[in-house]
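Shown next, in structure tokens, is the structure this report addresses.
Rule-based calculations on the coordinates, nothing more; no lab input. These figures come from a predicted structure and were not determined experimentally. In this analysis, Cβ positions are derived from the backbone assuming ideal geometry, glycine residues included, and neighbour counts consider all displayed protein chains.
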Amino acid sequence: MKTLNVSVVTPDGPVLEDAYEMVSCRAESGELGILPNHIPLVAPLTISAVRLKKEGHTDFIAVSGGFVEVRPDQVTILAQAAEQSEEIDVDRAKQAQERAEERLKVAKAEDLDFKRAQVALERARNRIEVSGK
Ligand code: ATP
């Protein structure tokens, strides 16, 4: 089976580097399914799960926005934050979710704080979802 080299990098350092048969991720323009020899592209990513497939199993990574760069034999994900599913601290994400929900109740929709809380809530929900996979 042909493989792609996949690296996931954040400002804190590398999160993962390994060979996979397929990468699925959610760009702002829609879902991307990447196999070896894909045409080169760069796309912004949403707060979402990256699915990495090899040898009949799938690894999941929660990404908090960033970019994916695709080359025929390489996929690089540059993310603001990224965690492998087994490294996610679910209690922390649940606390972040509660904090964000509280802020959304008190902030006004036009406030910067409201927008920040919405994005924090998305990050927390994404982590909770990915941690169960
Ligand atoms: P919190 O309010 O809990 O810090 P956050 O969404 O504001 O959440 P980020 O700013 O996105 O956190 O991330 C800061 C750092 O903490 C990153 O390195 C990220 O990977 C890590 N991180 C955040 N939440 C979790 C979590 N639930 N489990 C593991 N690592 C986490």
Exercise. Note down all Cβ pairs under 9 Å where the first residue falls in segment 88-111 and is over 19 Å from Ala62 (Cα atoms), the second is among the acidic types (Asp, Glu), and they're at least six residues apart or on different chains.
Key: Arg103/Asp113; Val106/Asp113; Ala107/Asp113
Self-check item: The lone exception for Lys133 - which of (1) in contact with a Leu (Cβ under 8 Å, 6 or more places away or on another chain); (2) assigned to a loop (DSSP other than H, G, I, E, B) it fails
Solution: (1)
Quiz item: Are any of the residues in segment 8-25 in contact with a Pro (Cβ under 8 Å, 6 or more places away or on another chain) and polar (S, T, N, Q)?
Solution: no
Quiz item: Looking at segment 81-96, which of the residues that are exposed (fewer than 14 other Cβ atoms within 10 Å of the Cβ) and under 19 Å from Gly65 (Cβ atoms) is farthest from the ligand (Cβ to nearest atom)?
Solution: Glu87
Exercise. Looking only at segment 108-119, decide whether some residue is in a helix (DSSP H, G or I), out of contact with any Gly (no Cβ under 6 Å at 6 or more places or on another chain), near the ligand (Cβ under 9 Å from one of its atoms) and among the β-branched types (Val, Ile, Thr).
Key: yes
